[in-house]
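The values are calculated or read from the model by the stated rules, or taken from the named source; none is laboratory data. Quick caveat: nothing in here was measured; it's all calculated off a predicted structure. We place every Cβ from the backbone using ideal geometry, glycine too, and count neighbours over all the protein chains shown. Just so you know, the surface numbers come from the protein's heavy atoms only, side chains and all, with ligands and any DNA or RNA stripped out. Shrake-Rupley method; radii C 1.70, N 1.55, O 1.52, S 1.80 Å.
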Amino acid sequence: MSLIDKLFRLDGRVAVVNGGAGRIGSRIAEVLVSAGAHVAILDLDEAAGRQQVERISQDLDSDSRCGTCHAYVADSTDPESLQAAQQQIEADLGAATILFNATQFRGTGFYGSDPADHPLDAWNKVMEVNVTGVLLACQTFHRSMKSQGGGAIINLSSTYGVVSADPRIYGDSGVNSPVSYGTSKSAVLNMTRYLAVHWREHGIRVNCLVPGGVFDNQGEEFVKNYSSRTPLGRMARADEYQGAALFMASPASSYMTGSIVTVDGGWTAW
Ligand SMILES: NC(=O)c1ccc[n+]([C@@H]2O[C@H](COP(=O)([O-])OP(=O)(O)OC[C@H]3O[C@@H](n4cnc5c(N)ncnc54)[C@H](O)[C@@H]3O)[C@@H](O)[C@H]2O)c1
């Protein structure tokens with residue numbers, strides 16, 4: 001086996017990507033399949049999950065070293081729903097030893113709100129999905145990992161969990177990043193450290209990926225402002241997190257736990 005294969009191949013491993021139908025989650029699922037893993041895309045959005053499975057399976061069809069990709073539906077804020085999915089995944093693919101948490105609540109109507117009057121129901125919903133749902137998924141799949149003698153959990157935070165959103169870049173675009181989002185993403189950072197420390201004896205490594213903003217046809221003014229505020233001068237493509245994701249899930253990061261990997265075009269560097 002080549003050194004590169006030893007470090008990065010995931011042949012036969014079972015990986016769950018919670019929020020795997022989303023922009024970043026689907027790209028993470030793709031790279032894991034490419035490295036040989038059997039990947040369960042777990043998402044609330046059944047149709048989007050199936051679409052991603054189709055896209056990934058078609059794109060990687062000609063690569064004989066690929067694993068497989070499957071869609072499962074679960075609401076990560078509901079322990080029973082998660083448990084049912086975990087049992088089904090285990091029956092179909094085997095026990096998961098890799099988990100990514102790439103969910104987020106994307107509500108409308110509260111972005112742009114002043115923190116002084118950020119609606120309580122929006123705050124609660126963001127916390128429920130972005131914090132409680134991440135813990136519940138970690139709890140659920142840590143059981144699978146424990147049964148296998150270990151695994152890797154990677155939680156997705158955000159630059160806005162490390163530093164404040166910069167209100168100057170939003171201008172008149174009508175959007176902003178609310179106080180609940182940044183607060184929830186900070187919680188994920190320390191949840192990661194806490195779980196890393198407490199599950200070390202089960203061989204479970206827990207790390208956090210901190211992405212910067214992905215280009216998604218936001219308005220011209222916002223993209224220009226975001227880009228000029230970023231040392232690399234542009235927003236990210238969703239596939240630019242694949243390298244870090246594979247590193248964090250694979251033996252290449254075997255001595256890393258409780259750590260934060262920041263991939264943000266330099267946003268937090270100045
Ligand atoms: N896109 C960015 O610019 C960006 C920047 C920094 C950090 N992040 C973080 O990266 C992660 C992925 O971001 P994204 O842009 O791919 O998000 P996205 O909104 O495209 O995808 C999130 C996915 O989570 C799913 N989801 C929502 N609630 C759920 C629930 N209760 N149960 C199960 N699934 C649920 C959605 O259906 C969706 O498919 C998020 O945690 C986000 O906070 C994103």
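Total residues in region 87-108 satisfying the condition of being free of Cβ contacts under 8 Å to residues at least 60 places away in the same chain and within 13 Å of the ligand (Cβ to nearest atom): the figure is 4. Quick check: anything in region 143-154 open to solvent by 30 Å² or more (accessible area, probe 1.4 Å) and touching a strand residue (DSSP E or B) at 6+ places or on another chain (Cβ under 8 Å)? Looking through region 143-154, at least one residue is open to solvent by 30 Å² or more (accessible area, probe 1.4 Å) and touching a strand residue (DSSP E or B) at 6+ places or on another chain (Cβ under 8 Å).
Quick one: in region 68-88, of everything that is of a type in the set (D, E, K, R) and within 19 Å of the chain's Cα centre (by Cα), which residue is surrounded by the most Cβ atoms within 10 Å (Cβ to Cβ)? Residue satisfying both the conditions and the ranking: ASP75. Taking region 180-231 as the range and being under 25 Å from ARG106 (Cβ atoms), in a loop (DSSP other than H, G, I, E, B) and either of a type outside the set (Val, Ile, Thr) or touching a Ser or Thr at 6+ places or on another chain (Cβ under 6 Å) (or both) as the test, the residues that pass are GLY212, GLY213, PHE215, ASP216, ASN217, GLN218, GLY219, ARG229. Going residue by residue through region 125-148, is there one that turns out to be within 16 Å of the ligand (Cβ to nearest atom), closer than 26 Å to TYR241 by Cα, part of a loop (DSSP other than H, G, I, E, B) and modelled with pLDDT of 95 or more? Looking through region 125-148, none of the residues is within 16 Å of the ligand (Cβ to nearest atom), closer than 26 Å to TYR241 by Cα, part of a loop (DSSP other than H, G, I, E, B) and modelled with pLDDT of 95 or more.
Looking at region 216-244, I want the residues that are touching a residue at least 60 places away in the same chain (Cβ under 8 Å) and have a partner that is small (Gly, Ala, Ser) and in a loop (DSSP other than H, G, I, E, B) with Cβ atoms under 9 Å, at least 6 apart or on another chain. Which pairs are those? From residues that are touching a residue at least 60 places away in the same chain (Cβ under 8 Å), the pairs are ALA238/GLY22.
Taking region 62-85 on its own, how many of its residues are within 13 Å of the ligand (Cβ to nearest atom) and polar (S, T, N, Q)? Result for region 62-85: 3.
Would you check which residues across region 211-230 are touching a Gly at 6+ places or on another chain (Cβ under 7 Å) and of a type in the set (Val, Ile, Thr) and list them? Result: THR230, single match. Out of all the residues in region 189-202, is one or more at pLDDT 95 or above, under 25 Å from VAL39 (Cα atoms), under 14 Å from the mean Cα position of the chain (by Cα) and open to solvent by less than 20 Å² (accessible area, probe 1.4 Å)? The answer is yes; a qualifying residue exists.
Looking across region 232-270, just one residue is assigned to a helix (DSSP H, G or I), within 15 Å of THR159 (Cβ to Cβ), out of contact with any helix residue (DSSP H, G or I) (no Cβ under 8 Å at 6 or more places or on another chain) and open to solvent by less than 30 Å² (accessible area, probe 1.4 Å), and that is ALA244. For region 18-61, the tally of residues that are in a helix (DSSP H, G or I), out of contact with any strand residue (DSSP E or B) (no Cβ under 6 Å at 6 or more places or on another chain) and either within 14 Å of SER76 (Cα to Cα) or more than 7 Å from the ligand (Cβ to nearest atom) (or both) stands at 11. Does SER158 meet the test of being buried (at least 24 other Cβ atoms within 10 Å of the Cβ), of a type outside the set (A, V, I, L, M, F, W, C), in contact with a Gly (Cβ under 9 Å, 6 or more places away or on another chain) and modelled with pLDDT of 95 or more? It is true that SER158 is buried (at least 24 other Cβ atoms within 10 Å of the Cβ), of a type outside the set (A, V, I, L, M, F, W, C), in contact with a Gly (Cβ under 9 Å, 6 or more places away or on another chain) and modelled with pLDDT of 95 or more.
I'd like to know if region 95-111 contains one or more residues that are modelled with pLDDT of 95 or more and part of a helix (DSSP H, G or I).
No.
Please determine whether any residue of region 221-233 is among the acidic types (Asp, Glu) and within 12 Å of the ligand (Cβ to nearest atom). So far as region 221-233 goes, no, none of its residues is among the acidic types (Asp, Glu) and within 12 Å of the ligand (Cβ to nearest atom). When the residues of region 73-91 are filtered to those that are outside any loop (DSSP other than H, G, I, E, B) and of a type in the set (D, E, K, R), the one that is farthest from SER144 (Cα to Cα) is GLU80.
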